[in-house]
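Right, one structure below, let's go through it.
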Amino acid sequence: MIKIVKKDVKTWHVLSNDVQVLDLNLIGSTVTNKFSIVTMFIEKISEHFKEEFDVWFIDFLNTYKITTEDRFEYMLSQVDKIKYFVDKYIDESKTDFSKFVDETKTKKNSIFFKVDEIKMIIKLSGYLKLYSVISNNNEFKLEHRAHKKIYNELAKDVMANSDIIFKIFNIIKTKTFKYNLTDSYMWEYIKLIQCKSIDVHVIEIFNFIMNSIIILCEEDRNPITYFVSVVDESVKWFLRSVYKGSIVYDDSISTEDIHGANVNNLKTYSYNDTLGRLKGIAISKLHHHLEEEPQTFSDAAKTEDTSIQMFHNRTNRIEFISPITECLVYPIISKITDIPFHHFKTLNPEHSAILSAYLKDVFNKVFKAEYENMFALLDYYPNDKPAIATTYKIKAIGAFINQQDEIKNFFGFKTKLLAHSILSHFIGRISRVNFFNIYSGRELAGVPLTKVENEMIMFFSLYFSGRLDDRIEEMKSIVLNDF
């Protein structure tokens, strides 16, 4: 018999006939917090099939562990076996799924799940439970694209039945919009301040349910009721974080005719998703720097672990966005990703600082030793609120005039005044900042303003004229390759 025993929140022992055969080292996730639901299901299957399942399951885990290459291919080869055990167990357990369906309570606009649709959801949940020993495991998990392919294979039957997906989405949509009837002003406030509309929230919860909640469904409980409770809690938590108080909501499900999310809100969700993924990539790259030379970045950090911990403690405390990030990082990432510049105004200081340090490495790969003083500032963040306006005027006026006379192009115009005004604003804001290094926390002794000014004049004059487009395309290729 297979038993999976908890050692601590993230560590579980896999036992076969009371002999330990493997450890599962889980990632921090919603599934990990309720992993006992997964282990109970696996143990039930083991009890049902006995040796047939136990031999396969242990061999599956051990083979996957020693497979250093083509883990995706091996996992793909086991999909049919996972489906076989789950399908047969569900069919032979003779669970009465009709008890979750009451046609007498349905109305014209009700969202009604048929018995076979409920059964398909429960089977998908079972597939994902067996797969979670891989997908929710620090040592075993596949990279994002490979994971999505395995997920799609496991969910093929459910996705082929568009009614199920449509009904789950509609449950989330109608339940969430029910709250909008009583909290419309608060949703408008959230949309204005956080650039997150109710439509975006619906899509986020839909993805959360499909990726993290379906796996936690239990065969003897109604999955639709569970989905509704997740939507309820998500909205209560989201609005409570704004209200900072107690809120009581009606538990009834709305079945009004709700229109779908509009294109602009879907774009906003896509922008948020892209920037979120880019932050994850950036953190991974910055960790690599810290792992290579932990002592270089912090006198107090003697190991890579303490260096990374101190790095995150430091970035979490960043309160202000650097002017160099606003004038250089945001426009370049906007050009690379096609995310509108105004959308970057929603980023918090920590997110902005991490993207800034990441982009510095990309700049250095493309521009080599050029503009090194300006790019060096991308590793720094301000400890005080930067000035919004400045009276600063470019000191290197000769260099500016010569550069403009040579280029004679400011976004297609010959004007020098606009370029002068913009560059004076950029450099003036930077000149009055006390900068601290994102890796070490040490203060910059002083901005080499003369060098930075000359480099900014040259860089932005070329940028405004379109002469750096080829270089930006190189940067785009590097970033897309990181994705």
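Since every read-out is calculated from the coordinates, none of them should be taken as a lab result. Because the structure is a prediction, the values reported are computed rather than measured. Neighbour counts run over all protein chains shown; Cβ positions are idealised from the backbone, glycine included.
Taken along the Cα-to-beta-carbon direction at a fixed 7 Å, the label points for Thr68 and Glu218 span 4.3 nm. Starting from the Cα gyration tensor of the range 1-87, take the square roots of the eigenvalues, sort them a ≥ b ≥ c, and report rounded, prolate or oblate (rounded when a/c is under 1.5, otherwise prolate if a/b is larger than b/c, else oblate). Rounded is the answer for the range 1-87, as its axis ratio a/c remains below 1.5.
What does the net charge come to around Asp87 if you take all other residues with beta carbon closer than 15 Å to its beta carbon, with K and R at +1 and D and E at -1?
Details: positive: Lys44, Lys81, Lys83, Lys88, Lys94, Lys119, Lys123, Lys129, Lys156; negative: Glu52, Asp80, Asp91, Glu92, Asp116, Glu153, Asp157, Glu219.
So the surrounding residues net to +1.
The reciprocal of the average 1/r between distinct C-alpha atoms defines the Kirkwood hydrodynamic radius, which for the range 276-482 equals 17.8 Å. Using the alpha-carbon positions of the range 2-158, Rg (one decimal) and Dmax (whole number) come out as 17.0, 56 Å. A Förster radius of 60 Å, combined with the Cβ-Cβ distance separating Lys50 from His288, puts the computed FRET efficiency at roughly 0.80. Sorting 76-88, 131-143 by average packing, meaning the other beta carbons within 10 Å per residue, from highest down gives 131-143, 76-88.
Length gain on complete extension for the stretch Lys99 to Thr450, per 0.36 nm per residue less the alpha carbon to alpha carbon distance? Mind dumping the intermediate values first?
Values: separation 351, 0.36 × 351 = 126.36 nm, distance 7.65 nm.
Extra length from Lys99 to Thr450 when fully extended: 118.7 nm.
Mind scanning Lys129/Lys335; Lys123/Lys279; Lys123/Lys175; Lys44/Lys175; Lys44/Lys173; Lys65/Lys156 and naming the pairs with a C-alpha gap bigger than 31 Å? Lys129/Lys335; Lys123/Lys279; Lys44/Lys175; Lys44/Lys173, as the Cα separations exceed 31 Å there.
Taking Lys and Arg as +1 and Asp and Glu as -1, the other residues whose beta-carbon sits under 13 Å from that of Ala387 total +1. The label point for Arg145 and the one for Phe341, both projected 7 Å from the Cα toward the Cβ, are 3.2 nm apart.
Placing pseudo-labels 7 Å out from each Cα toward the beta carbon at Asp87 and Glu319 gives an inter-label distance of 6.0 nm.
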